[in-house]
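This report refers to the structure that appears directly beneath it.
The values are calculated or read from the model by the stated rules, or taken from the named source; none is laboratory data. The shown structure was predicted, so the numbers you read here are calculated from the model rather than taken from an experiment. Because the Cβ atoms are built from the backbone with ideal geometry, glycine has one as well, and the counts that use them run over all protein chains shown.
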Amino acid sequence: MSLTQLTPRAQAKRDAILAAAQELFIQHGFGSTSMDAIAVAANVSKQTLYRYYQHKEALFIATMQHMVFEHTTMTMFAELRETPMESLPQLEHALLTWAQVVLENTLRPDYVALVRVLIAEIPRFPSLGPLFFSVLPQEGGSVIKALLESALAHGVISSVDLDAAIQLFVGSLLMYIIGALVRPDSSLQPPAPERLATHVRLFLHGVACHIQQETC
């Protein structure tokens with residue numbers, strides 16, 4: 001059942017399920033949290049729970065997905081996708097917006113806690129790893145790819161391997177998330193705006209170098 005198909009009542013049930021799952025997964029881990037317990041905490045029947053999420057793995061990833069790509073974020077990303085990237089400043093602004101939103105969401109203490117659960121539980125539940133990578137990085141990366149494809153079509157950037165470019169851009173931001181995983185929750189801080197802007201400009205310096213010779 002997709003988000004656009006949900007009635008207000010169904011949306012409320014879905015939100016209750018995700019909120020209950022988030023709390024229980026953080027408190028007890030993936031393996032020690034049962035679908036029965038989530039249904040009770042969300043005040044829904046097991047039948048309702050399984051109608052939304054066929055298995056616990058899907059619910060765990062959906063919980064993480066909701067925290068990063070909730071409705072307002074997806075609306076913003078949809079607007080970015082629909083805006084033609086006709087200039088380098090426009091692309092820079094779009095990439096900076098994407099990076100700010102994603103880092104703000106992924107550096108939340110509750111999201112970092114779920115990432116720690118994911119890492120701890122993958123050895124016992126190996127299906128979680130591929131499922132995670134098929135959903136969250138793909139969803140976030142698809143926005144960057146759309147921006148770069150538009151910029152390429154408008155002659156703003158060089159003809160490059162887009163997948164490699166996305167890995168380069170996201171990889172520089174991933175270090176902030178890795179740092180958060182080994183620090184106390186109280187010390188989680190997004191990078192300063194000027195530091196994040198530097199990441200974006202350094203990335204664009206590479207992919208747009210032959211177009212903007214005066215900046216190289």
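Miscellaneous remarks
- Between L95, L80, L103, the distinction of being assigned to a helix (DSSP H, G or I), of a type outside the set (S, T, Y), assigned by TED's automatic domain parsing to the domain that holds I157 and modelled with pLDDT of 95 or more belongs to L95 only.
- Residues in segment 123-155 that are outside any helix (DSSP H, G or I) and either within 17 Å of Q65 (Cβ to Cβ) or in contact (Cβ under 8 Å) with a residue 40 or more places away in the chain (or both): R124, F125, S127, H154, G155.
- Each residue in segment 27-50 was checked for being part of a helix (DSSP H, G or I) and not β-branched (V, I, T), and 12 pass.
- Criterion (among the β-branched types (V, I, T), farther than 26 Å from R9 by Cβ and over 16 Å from the mean Cα position of the chain (by Cα)) met by exactly one of T97, T83: T83
- The one condition in (1) in a helix (DSSP H, G or I); (2) without any contact (Cβ under 8 Å) to a residue 40 or more places away in the chain; (3) over 19 Å from L118 (Cα atoms) that L24 fails to fulfil: (3)
- The residue of segment 156-191 that is farthest from L88 (Cα to Cα), among those that are in a loop (DSSP other than H, G, I, E, B) and modelled with pLDDT of 90 or more, is D161.
- Per the listing G129, G141, G155, G171, the residue uniquely more than 26 Å from G206 (Cβ to Cβ) and of a type outside the set (S, T, N, Q) is G129.
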